[in-house]
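Below: the structure, in structure tokens.
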Amino acid sequence: MGTAAAVAAGVADPSASSRSRPAHLLYGEWLRRERRRGEAREQLRTAHSMLEAMGMAAFAERAGRELRATGETARKRADAARHEQLTAPEAQIARLARDGLSNPEIGPRLFISAHTVQYRLRKAFAKLRINSRSQLDRVLPHEFGSDRDAH
């Protein structure tokens with residue numbers, strides 16, 4: 001059995017779901033190189049979404065590059081999940097800022113200086129791709145917690 005046939009068998013076998021994740025990518029790459037773009041797109045779309053959902057960014061990017069090579073674009077994960085990139089201190093400070101506290105109010109609650117609050121908030125803004133406190137309400141879901149009454 002050839003390499004492509006073995007990969008295709010892994011994709012077709014539902015009991016091999018953990019093995020099929022990279023198989024979609026490998027099979028899609030092979031199909032694209034065989035100039036079977038329509039079939040390749042289907043495999044690469046599946047691979048891209050599965051790998052991105054699993055947090056395997058490098059492989060998802062690889063699937064995205066292959067998908068773009070077929071003439072299609074790969075969609076990025078929803079921006080709503082950006083808050084997952086924040087460190088614990090950044091997330092806590094962002095929640096307090098979202099809830100309306102100023103840097104001088106946040107600092108004593110967390111036993112840090114207002115300068116440290118400003119630094120971590122600036123880092124959080126960059127990760128969230130926002131530039132003002134008013135945008136925190138939009139990018140931080142309310143189920144992300146509220147620390148206002150914690151202290």
Problem set entry | Packing-based ranking, highest mean first, of 99-111, 34-46 given that Cβ atoms within 10 Å are counted | 34-46, 99-111
Seminar exercise, completed: Rg/Rh of region 27-136 (Cα atoms, Kirkwood Rh), to two decimals, equals 1.24
For this session: Take the alpha carbon atoms of region 25-47, find their center, do the same for region 97-117, and report the distance between the two centers in whole angstrom.
Result: 50
Exercise. Counting only protein chains, not ligands or nucleic acids, how are Arg138, Arg133 ordered by accessible area (probe 1.4 Å), most first?
Worked result: Arg138, Arg133
Exercise. For the pair Glu42 and Ala126, what calculated FRET efficiency results from E = 1/(1 + (r/R0)^6), where r is the Cβ-Cβ distance and R0 = 41 Å, to the nearest 0.05?
Worked result: 0.70
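The values are calculated or read from the model by the stated rules, or taken from the named source; none is laboratory data. Just so it is clear, the structure is predicted and the values come from calculations on it, not from any experiment. Neighbour counts are summed over all protein chains in view; Cβ atoms, including those assigned to glycine, are modelled from backbone coordinates with ideal geometry. For the accessible areas, the whole protein counts, side chains as well, though only heavy atoms, and no ligand, DNA or RNA atoms are used. Shrake-Rupley method; radii C 1.70, N 1.55, O 1.52, S 1.80 Å.
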